[in-house]
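Report on one structure; see the data block that follows.
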Amino acid sequence: MKRFPAFTAAAIAAGVLLAPNAGQAGERAVVVELFTSEGCSSCPPAHAVIGRIARNPNILALSFHVDYWDYIGWKDSFAAPWATHRQRAYASRLSAGRVYTPQMVISGKVDVVGSRAPQVMRELERAFKTAPSTPLLRIVETDGRSEIIAHRSDTPAEIYLVRFDPVRETRVLRGENTGRHLLTFNVVRTYRKIVDWDGSAQRIPLPRDLRDHPGEVTAVFAQRHGQGEVLAAAVAD
């Protein structure tokens with residue numbers, strides 16, 4: 001199995017700037033989740049940060065658009081209640097019960113203000129130092145069907161599926177970002193728990209009832225029960 005390389009802050013920064021797009025298939029060592037809103041004036045700088053991070057082929061970067069700022073003048077085009085629910089599930093453990101934007105959660109273990117790029121890079125370096133040396137998940141095509149190959153793990157987990165748009169542009173007409181053209185990256189449009197995984201080596205079929213949106217990318221990740229550490233991730237072809 002492929003081993004992930006060691007990373008330093010400089011290597012991460014170089015990879016963020018120069019590596020292929022996140023749509024490239026393969027395993028991911030680290031998962032970064034940005035909780036954001038088009039109605040939040042503090043969020044566009046964090047969108048730029050997640051856009052750079054998304055270019056690193058060893059990172060699965062995801063933007064979850066929350067809906068609790070929709071009342072302040074602009075309804076986010078991509079906001080979903082399940083994104084807000086996911087952030088609130090992190091809140092009791094990572095941010096003293098509060099939710100905020102832009103919040104960036106790294107490997108399910110630590111949160112930072114997503115617009116603070118130097119702090120984000122420091123936390124990414126720490127995450128790579130503790131990431132598993134070999135991947136646990138892979139997405140493959142078998143007889144025309146997509147399935148996950150899950151390698152043995154000592155840690156049971158929940159496996160989630162996400163589908164995301166690599167980049168979207170929105171012209172905001174009202175609210176705090178009035179008049180701005182916002183670029184958002186790896187915008188999650190589908191989010192679903194697939195299975196409770198006992199850690200055994202197995203093949204897990206992906207759901208076939210997903211609505212197909214052209215250009216979207218499919219990925220999966222394994223996370224400890226109770227919104228804990230994200231153990232592994234993979235992106236489909």
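No value in this document is a laboratory result; all are computed from the given coordinates. On a predicted model such as this, the values are computed, not experimentally measured, just so you know. With ideal geometry, Cβ positions are generated from the backbone for all residues, glycine too; neighbour counts draw on all protein chains shown.
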Cα-Cα separations in the chain greater than 24 Å, expressed as whole percent: 41 percent
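Can you tell me how much longer the chain between Asp196 and His85 gets when fully stretched, taken as 0.36 nm per residue apart minus their C-alpha distance, in nm with one decimal? Walk me through the numbers before you get to the answer.
Numbers: separation 111, 0.36 × 111 = 39.96 nm, distance 1.90 nm.
So the chain would gain 38.1 nm between Asp196 and His85.
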So the FRET efficiency between Glu229 and Arg180, C-beta based with R0 = 30 Å and rounded to 0.05, is 0.30
For region 168-237, just the Cα atoms, rotate onto the principal axes and tell me the three extents in Å, largest first. 51, 28, 18
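Using only Cα atoms, what is the ratio of the radius of gyration of region 89-213 to 2.2 N^0.38 Å?
Details: Rg = 18.1 Å, N = 125, 2.2 N^0.38 = 13.8 Å.
Scaled against compact globular proteins, the figure is 1.31.
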Once exposed loop trypsin sites (Lys or Arg not before Pro) are cut out (DSSP; at most 12 other Cβ, 10 Å), longest piece of the chain: 4-97
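How do Ile139, Ile194, Ile53 rank when sorted from fewest to most other Cβ atoms within 10 Å of their own Cβ? Mind showing how you got there, number by number?
Working: Ile139 22, Ile194 16, Ile53 28.
Neighbour counts put them in this order, fewest first: Ile194, Ile139, Ile53.
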Cα axis of helix 44-53 to longest principal axis of the chain: angle in degrees, 0 to 90, nearest 10? 20 degrees
Backbone N under 16 Å from the Arg152 label point (7 Å along Cα→Cβ), restricted to region 128-143: 134-137
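Hull surface divided by four, with the convex hull built on the Cα atoms of region 180-220: how many nm²? Present the calculation step by step, with values, prior to reporting the outcome.
Working: hull surface 18.0 nm².
Seen from a random direction, the Cα hull of region 180-220 projects 4.5 nm² on average.
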